[in-house]
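Have a look at the structure below before the remarks.
Read-outs: derived from the displayed coordinates by stated rules, not from any lab. Quantities reported herein were computed from a predicted structural model and do not represent experimental measurements. Please note: Cβ atoms are built from the backbone with ideal geometry, for glycine as well, and neighbour counts cover all protein chains shown.
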Ligand SMILES: [Zn+2]
């Protein structure tokens with residue numbers, strides 16, 4: 001037990017320290033992102049509508065495996081949902097084709113999980129390029145992080161924290177909402193206060209939005225209360241790729257104008273341990289996606 005905990009901690013530290021694609025945040029005000037993983041249909045039909053009432057948009061991490069399925073009584077998204085989500089201005093993002101535990105797979109299989117999921121969405125929405133990614137189960141190691149970075153630009157984990165100052169796009173920190181995740185109104189207020197103090201990027205994660213949610217989901221009342229807290233705090237809510245567009249200095253359309261030269265971090269953004277030329281391409285992809 002003790003050994004497992006030590007190994008887990010070691011993996012967290014190593015993964016945070018290696019294969020980094022860092023950008024120095026240019027945020028002049030905090031930003032919040034809501035993300036839904038897998039994703040149950042209620043994340044869209046209930047959660048999406050709540051966000052839209054507050055003129056906010058979310059990021060939906062989809063796995064092809066769940067399309068049109070009902071598993072353990074939970075109904076998942078279908079193709080029409082994907083079209084509607086896209087049409088309503090939310091972000092569709094990659095969560096692997098089979099929701100696999102990536103550390104157990106060899107490199108070609110990890111790549112296949114990502115490209116196969118992209119090919120799945122291409123059949124439905126050929127104009128959408130998924131630039132954001134979430135590690136299934138939050139499982140990531142330095143090796144997995146490096147391989148995923150060859151394919152996608154922004155990767156979200158499940159480890160908590162505020163993203164500020166130097167932000168590692170390969171491992172975005174996240175606050176999990178849900179009774180098993182320990183998310184409460186009080187702790188949300190603390191996270192929001194911290195985001196305001198640091199001009200940080202706060203990312204929330206949940207799954208279904210239902211009267212009786214699964215352990216990693218929330219009720220509509222809880223979600224709406226959190227959205228209202230964010231709005232009342234005067235904090236902007238954006239999908240992941242749009243938040244990165246605001247954070248990164250290369251996107252003049254999205255970022256506040258500033259005369260200072262590009263930061264050192266940006267110029268050497270792929271030099272961190274494990275970084276690769278692919279990361280530069282990945283950042284350019286975000287720019288293309290945002291039209292800047
Ligand atoms: Zn998942």
- Centre separation in Å (Cα based) which lies between the range 149-165 and the range 199-216: 17
- Message: Output needed: percent of Cα pairs per 10 Å distance bin for the range 1-123, bins running from 0 to the one holding the longest distance.
- Response: 11, 31, 32, 23, 3
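To make sure I understand, if each residue's beta carbon is the centre and we count other beta carbons within 10 Å, what order do 91, 52, 104 fall in, fewest to most? Write down the numbers at each step before the final one.
On the way: 91 25, 52 14, 104 10.
Result, fewest neighbours first: 104, 52, 91.
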- Arrange the peptides 150-156, 6-12, 173-179, 78-84 so that the one whose residues have, on average, the most other Cβ atoms within 10 Å appears first. 150-156, 173-179, 78-84, 6-12
